[in-house]
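**Student:** Could you have a look at this structure, given as structure tokens, before my questions?
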Amino acid sequence: MTRMKFCGISRSEDVAAVNELHPDYIGFVFWPKSKRFVAPARARSLKAQLAQGITAVGVFVDAPVREVAALLNESVIDIAQLHGNEDDAYIQELRQALSAPDAKSIVKAYVVKGPADIEAARQTSADMPLLDAGLGGGSAFDWTLIQEFDRPYMLAGGLEAGNVAEALSRTGATCVDTSSGIETDGVKDATKMCAFATAVRTWDEANRTTHTTNTKKELNMTNPRGRFGVHGGQYMPETLMNAVIELEEAYDRFKDDPEFKRELATLFDEYAGRPSKLYFAERTTRDLGGAKIYLKREDLNHTGAHKINNVLGQALLAKKMGKTRLIAETGAGQHGVATATAAALMDMECVVFMGKVDCERQALNVYKMRLLGAEVVPVTTGTATLKDAVSAAMREWTSRIADTHYCLGSVMGPHPFPTIVRDFQAVISAEIRDQMLEREGKLPDAVLACVGGGSNAIGSFYHFINEPSVQLIGCEAAGRGIDTFETAATIATGRLGIFHGMKSYFCQDEYGQIAPVYSISAGLDYPGIGPEHAWLHDIGRATYVPVTDEEAVQAFEYLSRLEGIIPAIESAHALAYALKLAPTMRPDQSIVVTLSGRGDKDCVSVARYRGEELSE
Ligand SMILES: *Cc1c(COP(=O)(O)O)cnc(C)c1O
């Protein structure tokens, strides 16, 4: 893997950002003329805040040997990076001044103007040479000068998120060093750090690992310790840590197990009805007069939505772990019904937590869950809605880890849930890719999906994340509009926070409390977004757009009339944006819209929205 160094760290805020992203090295600049200078005392206090496993490097320009040695011996830094006219004699003298020379390293920087500089770097007696464009000038040198440099080396000079992949492709450097590339107006910028780290890790996936057919495994390498950039993680009470660790270990064991994969594939095929169809919406395409519209028909799955993909995967995993009982949270009841379905199929006990208010609003789903053999526990705490049901399910899990698996319903919650749920839903994009290649002979130009927690969207995006020609668009529920309080559009209106075990974006009030959210669509009515989406948004790989109730209802009616398909009101949000996008594109281009579910369940509320009361 490519090593990364973030240089010129000088503030506590920088260290906090660094700790989240975990580069291999950070640099303290001890050269008094630098605008990034830090005094040794300041470096000592910053070093004390640094996460384990990140190595501090000191940057010097012709400093007295004893000053450099003192900082190394005191372990304020473990590596000295020399940027002046230090020669081999200086390096030797420095080594001799160290109390534990084997534990410390010396890097010597060379400003590359021509082949002679490369040759000097190759011959240095330092532990590693650094090839640089100049002293913090922020510009790159001619990388073609480096040809088959035959020892490990660091590369610096003008590196930033936008060019680091090209730099690595041209030079194959061991370590990339950046400073001005992660700054805005001379100050370190956490978003740019995140983008840089992501660019390096993405390049690594494609270039540093031996290619296997298992892209899932390779992509997981962007996700060290359950992080997606700064998002994700495990923000859990101590009492739940054992449960998530047990789950992570079991998932790591089974996810590539041929027997597990075969059993899941059979369930998908014979029980859920996969692969789901990719339908060319010809009338819609003709009516809009632009890109071809394809619909990915998750609505045709057993139980009528994509949620079955996730629950079958998790129930099978739970069974392999020896669990006999599934618990779940549910808001509108869709995930509760899906979980109760899987539990019935696999002969497991099932308890579903549902806010009391939601139980009353969704009596039909409560009946279905009971019919399927599940117990429904009405939750009366808090606002007696979804977020309280999540808390109740987590509490229950704490007290019965031995026989119980918590079947979480979307790509949210603490690691490993966002990864597990994504992997089970990724079947959607794997199928879209194959079906589009068969139908069109090329990948789609855009993939659209609605985003509640984000599971059908990440499932639709996943296999296209490394295909830059495919635009990825997540459609959030704007409710009555993003400038009103009645909205659930997290990317448009939310802020960074920690809730339900993860760091991500959440709709919050002015005090940082989770804000009440609203949408006509119960499935999109969640105040957060999965951490991988937050990251895809940060790095600009996916775009998130708000879609109002009114636009979604119009799309719901439009598709029913034009194609004879009543989509879930959630899915109608994605469709609504496709209706705007398609006419701006060429007829040889194509858009895939994931129809996450069918709309029978929504007829009563859409009729009411239009002023009509339906009764049985
Ligand atoms: C639950 C649900 C959603 C929202 O969940 P995600 O995790 O964002 O996919 C979307 N569509 C339908 C039909 C649903 O049932």
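**Student:** The conditions are (1) exposed (fewer than 14 other Cβ atoms within 10 Å of the Cβ); (2) modelled with pLDDT of 85 or more; (3) of a type outside the set (Ser, Thr, Tyr); (4) under 16 Å from Asp423 (Cβ atoms), and Gly232 fails exactly one of them. Which is it?
**Tutor:** So Gly232 meets the others, but not (1).
**Student:** Given the structure, is Ala488 farther than 18 Å from Gly382 by Cα, without any contact (Cβ under 8 Å) to a residue 40 or more places away in the chain and within 13 Å of the ligand (Cβ to nearest atom)? Show your work before the answer.
**Tutor:** Working: farther than 18 Å from Gly382 by Cα: yes; without any contact (Cβ under 8 Å) to a residue 40 or more places away in the chain: yes; within 13 Å of the ligand (Cβ to nearest atom): yes.
For Ala488, the condition - farther than 18 Å from Gly382 by Cα, without any contact (Cβ under 8 Å) to a residue 40 or more places away in the chain and within 13 Å of the ligand (Cβ to nearest atom) - is met.
**Student:** Select, from Ala318, Ala344, Ala338, the only residue that is surrounded by fewer than 24 Cβ atoms within 10 Å (Cβ to Cβ), part of a helix (DSSP H, G or I), touching a strand residue (DSSP E or B) at 6+ places or on another chain (Cβ under 8 Å) and in contact (Cβ under 8 Å) with a residue 24 or more places away in the chain.
**Tutor:** Details: Ala318 fails: surrounded by fewer than 24 Cβ atoms within 10 Å (Cβ to Cβ); Ala338 fails: surrounded by fewer than 24 Cβ atoms within 10 Å (Cβ to Cβ).
So the residue among Ala318, Ala344, Ala338 that is surrounded by fewer than 24 Cβ atoms within 10 Å (Cβ to Cβ), part of a helix (DSSP H, G or I), touching a strand residue (DSSP E or B) at 6+ places or on another chain (Cβ under 8 Å) and in contact (Cβ under 8 Å) with a residue 24 or more places away in the chain is Ala344.
**Student:** Still on this structure: Can you work out which of the residues in the stretch 496-521 that are among the hydrophobic types (A, V, I, L, M, F, W, C) and part of a loop (DSSP other than H, G, I, E, B) is surrounded by the fewest Cβ atoms within 10 Å (Cβ to Cβ)? Talk me through it step by step, then tell me what you get.
**Tutor:** Here is the first cut: in the stretch 496-521, the residues among the hydrophobic types (A, V, I, L, M, F, W, C) are 496, 498-499, 502, 506-507, 514-515, 517, 520.
Imposing the further condition that a residue be part of a loop (DSSP other than H, G, I, E, B) reduces the set to 507, 515, 517, 520.
Working: Cys507: 25, Ala515: 20, Val517: 24, Ile520: 26.
My answer is Ala515.
**Student:** Going by the structure shown, is Ser560 free of Cβ contacts under 8 Å to residues at least 40 places away in the same chain and either in contact with a Cys (Cβ under 7 Å, 6 or more places away or on another chain) or within 16 Å of the ligand (Cβ to nearest atom) (or both)? Even if it seems obvious, please write down each step before you answer.
**Tutor:** Values: free of Cβ contacts under 8 Å to residues at least 40 places away in the same chain: yes; either in contact with a Cys (Cβ under 7 Å, 6 or more places away or on another chain) or within 16 Å of the ligand (Cβ to nearest atom) (or both): yes.
So Ser560 passes the test.
**Student:** Using beta carbons and a limit of 7 Å, which pairs, at least six apart or on different chains, have the first residue in the stretch 564-578 and under 12 Å from Thr548 (Cα atoms) and in a helix (DSSP H, G or I) and the second one within 10 Å of the ligand (Cβ to nearest atom) and among the β-branched types (Val, Ile, Thr)?
**Tutor:** Close Cβ pairs (under 7 Å, with a partner that is within 10 Å of the ligand (Cβ to nearest atom) and among the β-branched types (Val, Ile, Thr)) amount to Ala574/Thr594.
**Student:** Could you tell me whether Ala384 is closer than 23 Å to Gln508 by Cα and over 25 Å from the mean Cα position of the chain (by Cα)? Show your work before the answer.
**Tutor:** Values: closer than 23 Å to Gln508 by Cα: yes; over 25 Å from the mean Cα position of the chain (by Cα): yes.
Against the criterion (closer than 23 Å to Gln508 by Cα and over 25 Å from the mean Cα position of the chain (by Cα)), Ala384 qualifies.
**Student:** Collect the residues in the stretch 35-80 that are over 34 Å from the mean Cα position of the chain (by Cα) and either touching a residue at least 60 places away in the same chain (Cβ under 8 Å) or part of a strand (DSSP E or B) (or both), keeping them in residue-number order.
**Tutor:** Of everything in the stretch 35-80, those that are over 34 Å from the mean Cα position of the chain (by Cα) and either touching a residue at least 60 places away in the same chain (Cβ under 8 Å) or part of a strand (DSSP E or B) (or both) turn out to be Lys35, Phe37, Phe60, Val61, Ala80.
**Student:** While we're on this one: Quick one: Ala552 ticks every box in (1) at pLDDT 95 or above; (2) touching a helix residue (DSSP H, G or I) at 6+ places or on another chain (Cβ under 8 Å); (3) more than 12 Å from the ligand (Cβ to nearest atom) bar one, so which box is it?
**Tutor:** With (1) at pLDDT 95 or above; (2) touching a helix residue (DSSP H, G or I) at 6+ places or on another chain (Cβ under 8 Å); (3) more than 12 Å from the ligand (Cβ to nearest atom) applied to Ala552, the lone miss is (3).
**Student:** When residues of the stretch 113-141 are filtered for being crowded, with 22+ Cβ neighbours inside 10 Å and touching a residue at least 40 places away in the same chain (Cβ under 8 Å), how many remain?
**Tutor:** The total comes to 4.
**Student:** So is Ile401 touching a residue at least 12 places away in the same chain (Cβ under 8 Å) and more than 16 Å from the ligand (Cβ to nearest atom) or not?
**Tutor:** Numbers: touching a residue at least 12 places away in the same chain (Cβ under 8 Å): yes; more than 16 Å from the ligand (Cβ to nearest atom): yes.
Criteria met by Ile401.
**Student:** Counting only residues that are closer than 24 Å to Arg610 by Cα and surrounded by fewer than 24 Cβ atoms within 10 Å (Cβ to Cβ), which one in the stretch 531-548 is nearest to the ligand (Cβ to nearest atom)? Steps first, please.
**Tutor:** Filtering the stretch 531-548 for residues closer than 24 Å to Arg610 by Cα gives 546-548.
Next, only the ones that are surrounded by fewer than 24 Cβ atoms within 10 Å (Cβ to Cβ) stay: 546, 548.
On the way: Pro546: 15, Thr548: 17 Å.
By that ranking, first place goes to Pro546.
**Student:** Failed condition for Ala393, given (1) more than 16 Å from Arg325 (Cα to Cα); (2) touching a residue at least 24 places away in the same chain (Cβ under 8 Å), with all others met?
**Tutor:** (1)
**Student:** Of all residues being within 16 Å of the ligand (Cβ to nearest atom) and basic (Lys, Arg) in the stretch 279-302, which is farthest from Lys442 (Cα to Cα)? Just the residue, please. Full working, then the answer.
**Tutor:** Here is the first cut: in the stretch 279-302, the ones within 16 Å of the ligand (Cβ to nearest atom) are 295-302.
Narrowing the set further to residues that are basic (Lys, Arg) leaves 296-297.
Values: Lys296: 16, Arg297: 20 Å.
Within the stretch 279-302, the match that is farthest from Lys442 (Cα to Cα) is Arg297.
**Student:** Any chance you could count how many residues in the stretch 565-579 are surrounded by fewer than 24 Cβ atoms within 10 Å (Cβ to Cβ) and out of contact with any Leu (no Cβ under 9 Å at 6 or more places or on another chain)?
**Tutor:** Total satisfying the criteria: 0.
**Student:** Name the pairs whose Cβ atoms lie under 6 Å apart, with the first residue in the stretch 233-245 and hydroxyl-bearing (Ser, Thr, Tyr), the second surrounded by fewer than 19 Cβ atoms within 10 Å (Cβ to Cβ), and 6 or more positions between them or separate chains?
**Tutor:** Tyr235/Ile498; Thr239/Thr398
**Student:** Taking the stretch 142-163 as the search range and keeping residues that are under 33 Å from the mean Cα position of the chain (by Cα) and surrounded by fewer than 18 Cβ atoms within 10 Å (Cβ to Cβ), which one is nearest to Glu86 (Cα to Cα)? Give the derivation first.
**Tutor:** Kept after step one, since they are under 33 Å from the mean Cα position of the chain (by Cα), are these residues of the stretch 142-163: 143, 152-163.
Adding the requirement that they be surrounded by fewer than 18 Cβ atoms within 10 Å (Cβ to Cβ) leaves 152, 162-163.
Numbers: Pro152: 20, Gly162: 32, Asn163: 30 Å.
The extreme case among them is Pro152.
**Student:** A follow-up question, please. Cβ-Cβ distance below 7 Å, separation of 6 or more or different chains: which pairs start in the stretch 432-457 with a residue that is on the phi > 0 side of the Ramachandran plot and end on one that is in a helix (DSSP H, G or I) and surrounded by 19 or more Cβ atoms within 10 Å (Cβ to Cβ)?
**Tutor:** Within 7 Å, the pairs are Gly454/His533.
**Student:** Oh, and also: Only one of these conditions is not met by Gly454: (1) more than 16 Å from the ligand (Cβ to nearest atom); (2) closer than 22 Å to Glu205 by Cβ. Which number is it?
**Tutor:** (1)
The values are calculated or read from the model by the stated rules, or taken from the named source; none is laboratory data. Because the structure is predicted, anything quoted here is derived from the model rather than measured. Methodologically, a virtual Cβ is constructed for each residue, glycine included, from the backbone with ideal geometry; neighbour enumeration extends over all protein chains shown.
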